[in-house]
Structures are given as C-alpha cells and as structure tokens.
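Novice: Supplied in structure tokens, the structure appears directly below.
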Amino acid sequence: MSFKLFKDPIYGYVEIDSEIVRSIIDTACFQRLRNIRQTSYAPLYPASFHNRFIHSIGVYHLGRKVFDSVHNSMGSLEQMFLEELDNAKRLFELALQHAMRSIDKYFALSESGSRFFSLDSLTRNGEDFGNKGKISLLADEDVLYIMKNVYSDDLMDEYFFRGSRRHPLWKSEAEYRALFDNELGKNKLDEFEITFKEIEKYLIDYFSIPVINEKVLEHIEREERKIIEKKSTIPDKDYKNLMDGMKKIKKWVDCLSRIASENDILFDFVIISANKFKSGFLKQDLEKILIVFPSLKLIPSIKEVSTILTSEKTRDSFFYLFYKSKDHDGKDKEVPVKAIAEALAGELFVFVT
C-alpha cells in the first residue's frame, strides 16, 4: 500500500492512502477547497492562512486516529470485533469517495436554474450565464473577481479599500449592552432591536442593501405622498397601518440624519443584524472581570455586559450601526459614541403622530 504525505499546520505530516488521494483529493471538486478560506481572524492576524482543503485533510486524519485508537485499545477477547472495526474504517473512507462522486453527479444534474450561488456553480461543468460568462468550481476567487471587475459599487470598494470603510458605533455585543441595557431597560431594548430589524428588512426589500442615507429619506417621503394620494382607494385600517409603518421608519431615518448633522459626519449609515453569543457554561469565577471601553469611559464587569457566562434565556439578537468616519470635507472624524447612543435611546420615547 502506497501513501502520499500532506503537511498539516497542526498535525505535521499526514499519511493518506494513494487510492484515497487519487479518487478524492485529486478531483477538481476537492481541489476547489484550496480557494475557500476558513480563517475568520485573518483581518486580525494577516499572517494566518487556513482553507477548507487543509481543514478537510485534518478532519480525515482525526477520523483515522479515532479508528486506530479504538483498534489498539482492544484486548485479545475483543479480537472478534477487530475485523468489523476495520470494515467500519474502510466504510469511512469509502463514504468519502461515494459522497464526492454522488454530490458531483447530483450537482451536474441539478435543475436549480441559472443562479450564481447554485449547486451547478460548484461543479466542473458549471453554470452558464450567457453573455455574463460561466462559473464552475465556484470559490472565493470568483466572488472577488466579480466584485472587482463586474459589479463594483461604493460598498464593494469598502471591502477592498480599508481607508474608505465604515466603522461600527459599537464594536461588540458587550459594548452594545454597556451602552443600552441600563439606559433603556428590557422592554424598551426589545422594542429598539425589533424596530431596527424591521428597518433593515425594509431597506433590503427596497434597495437590496441596508443603507440609510439621503436617497432613502427621499424614497420614504415619496412613498408617504403616494399613500396619501391613494387614501380614498384604501380601506381606513390598511391606510392607518401603511402610514404608521412609514412614519415609524421615517422617525428613525430623521433621527440618524440629525445625528449626522450634529456631529458633522456624512449621513450614510448601515444596519447589520447579528446573533448574540450563547454559552451553556456557568463560570462564576470570571463574572467580576472588568472590561474597559476607552471611547465610552465605562468599566463594567463581564457579567454586566455579556451573557456568555450564563445559560439563562436572553434576547437572541442585536445589531450594529456603521457610519463613515469622515466629515463633509473628507477628513477623519471621531464621533462621541456615548452621546449618539443616548440620542438613539432618547428617540424611543419620542412619539410620532
């Protein structure tokens, strides 16, 4: 039996049967994994490198080690099970081969339609988009190429040019809670989060991206006028619901417009929903550790601003609000985060009629 060696950054050299290499690793479908990055910390650690290819090699290596460990731990009375264990190990390897062949065949026969993120785009045959070109063995590099050369806009540019990127007003769930938990209380905080989630959905439905700017404000004002003009053709209840919905969104868009004006920054925000981190562990010894937020001049404990140390049921989501850290002359501009948070919190208690 011949082997091929693969250098894994964690486990060193990994031996893999040449037959497995030939039937799985050497296939185009498996090789595309080299171009799918799996390091979420790359922006923080630029030298880090990890992709789905080497991750899969490591998973295979650990799977073999499990079988070998169980095999070596069996005594003489358990020899009758060794053959069955060896069969299971072989089944593990064959399952990988079968999965690769079956998935490739299934993708090739897929009739999901011409969509960029489709099953067909992952196969060697790929998906034909007519005069827009063809995509096969879809990987990160294809998305990056299209972002740079085919469908470029301001948001795409922000991805590539760090200096033009928006900045989050709060950088973590803990900072978000430090700003709003005591200021609002549970009920108002729930209302706050639900409202911004609704606004995000509205923006995505109408503009595809959750950006709040002058263009959005003009759109909302036009929609309001259209509803008013059609009042005679709309049932009273529906008319009230439509107007209430528009006023609710406009209230917050106006609020962000004022905040931008008062702080001499561009009226150009982005809302991004996020899921809160959950943990099933209770670590009482860590609860009193303090977290420093320099921009907020606050030093709360972990327990006060994070739910990671408890298993209690809490809200499932929150959101980030990004802004452009430039003034109207294009110069860098720091904003008073705490004052902006207070303005947002105060808006909850303003009722629109």
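Since every read-out is calculated from the coordinates, none of them should be taken as a lab result. A quick note: this is a predicted structure, and the numbers were derived from the prediction, not measured. Backbone-built Cβ (ideal geometry, glycine too); neighbour counts: all protein chains shown.
Novice: What list do you get for H328, H61 if you sort them by fewest beta carbons within 10 Å?
Specialist: Ascending Cβ contact count within 10 Å gives the list H328, H61.
Novice: Please order E262, E334 by the number of other Cβ within 10 Å, starting at the fewest. Spell out each step's value before the answer.
Specialist: Values: E262 13, E334 10.
If I rank by nearby Cβ atoms, fewest first, I get E334, E262.
Novice: Strictly over 31 Å apart at the Cα level, which of K134/K250; K186/K226; K248/K331; K186/K230; K197/K231 would you flag in this model?
Specialist: On the way: K134/K250 42 Å; K186/K226 36 Å; K248/K331 33 Å; K186/K230 39 Å; K197/K231 28 Å.
Exceeds cut-off: K134/K250; K186/K226; K248/K331; K186/K230.
Novice: Which shape class, rounded, prolate or oblate, goes with region 165-247 when its Cα gyration tensor gives a ≥ b ≥ c as root eigenvalues, a/c under 1.5 marks rounded, and past that a/b bigger than b/c marks prolate?
Specialist: Note, shape of region 165-247 comes out oblate.
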